[in-house]
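Reading through the structure tokens given below for one structure.
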Amino acid sequence: MANCFRMFLHCLANNLLVSLRQTIANPPVEVASSNYLDPHEVPVEAQAGRARRHRFNRRRQADPLGEGHACTWRLRLIKVAARIKVTARRVRVFLSGSWPYLHHFHAVIRTLLPDT
């Protein structure tokens, strides 16, 4: 029963990561080369080799959280040294201003909580 519960927690964490990636993802705009479809032009999804790798590497550089694996999310957002202060009305999280991925954290918070 314990292994079943552990598997349930792993599945739940994976589903949470996938839903967060879909919510946070900010894909770069693909510039169309022309307004008409060329029958000899291969769609981006069907490309192979170097062109496909170049496109996905450019996508990962532009939006690392949208295409990021679980280890990317863990290193950039979850494994963070922070000071937490709990009061009667709120929970405050203090992050370092020199943390290199602070802009990723702000982007996630702005997307999840647009009012703040």
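All of the numbers you see were taken from the coordinates with simple rules; none came from a lab. What you are looking at is a predicted structure, and each value in this text was computed from that prediction instead of being measured. As a convention, Cβ positions derive from the backbone with ideal geometry for all residues, glycine included, and neighbour counts pool all protein chains shown.
Observations, loosely collected:
- Trypsin sites (Lys or Arg not before Pro), loop per DSSP, at most 15 other Cβ atoms within 10 Å - longest free stretch of the chain: 1-78
- Between the residues Leu20, Ile109, Val80, the greatest Cα displacement towards the positive end of the dipole of the chain, with unit charges on the Cβ of Lys, Arg, Asp and Glu, is found for Val80.
- Span-rule helices in the chain, defined as complete DSSP H runs reaching 30 Å or more along the axis (Cα) with Kyte mean at least -1.0: 2-24
- Extension reserve of the Asn14-Arg53 stretch, reckoned as 0.36 nm per residue once the Cα distance is removed: 11.5 nm
- Within-13-Å neighbourhood charge of Phe105 [Cβ basis; K, R +1; D, E -1]: +3
- Exposure proxy ranking for Ile24, Ile109, Ile78, based on other Cβ atoms within 10 angstrom of each Cβ and starting from the fewest, stands as Ile78, Ile109, Ile24.
- Rounded to the nearest 20, the size of the Cβ-charge dipole of the chain about its Cα centre is 820 debye, with Lys and Arg at +1 and Asp and Glu at -1.
- Seen through its C-alpha gyration tensor, with square-root eigenvalues sorted a ≥ b ≥ c, the range 70-116 comes out oblate because a/c lies at 1.5 or above while a/b is not bigger than b/c.
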